[in-house]
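Some notes on the structure that comes next.
The values are calculated or read from the model by the stated rules, or taken from the named source; none is laboratory data. All values derive from a computational prediction rather than experimental measurement. Reconstructed Cβ throughout: ideal geometry from the backbone, glycine too, with neighbour counts over all protein chains shown. Only protein heavy atoms, including side chains, enter the accessible area calculation; ligands, DNA and RNA are left aside. Shrake-Rupley method; radii C 1.70, N 1.55, O 1.52, S 1.80 Å.
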Amino acid sequence: MNVPTPKWRFEWNLNTVAIIIGFAVMIGGWGYNYSDLVAADRANAQAIEQIRSDVAELSATQRTLDNHELRLTAVETQARETVGAMRTIEQSLNSLSSDIRVMREIIERMERSQASVVAGR
């Protein structure tokens, strides 16, 4: 049984036109998708750079806040120490005030006794 080999024929028919139009549309779609991909890649690169700069700025702000927190802690410690010192000074002044009153009473008694000795002569 001999089967004849088909001969090559180039014919324009509806199937050929549909396939060629399909290939053209597919190539155009790939190009459009590739341009969208490149645009999205650029947008993502810009967004990543913005995020990096924001993170760097936040890191600097955090270091500043840590520094302020350290300073506030030091100021609070000094304030507590100052309050303790003020209480000690207040107690010393109260003690001195009491001593001055006692000294004044002693001096007044001495003056009265000297005045009574002078008046009695």
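A few notes on this one:
- Residues satisfying the stated conditions in the stretch 6-17, i.e. loosely packed, with under 10 Cβ neighbours inside 10 Å and among the aliphatic types (A, V, I, L, M): Leu14
- Members of the stretch 26-50 that are β-branched (Val, Ile, Thr) and open to solvent by 100 Å² or more (accessible area, probe 1.4 Å): Ile27
- Filter result for Ala115 (assigned to a helix (DSSP H, G or I), surrounded by 10 or more Cβ atoms within 10 Å (Cβ to Cβ) and at pLDDT 90 or above): no
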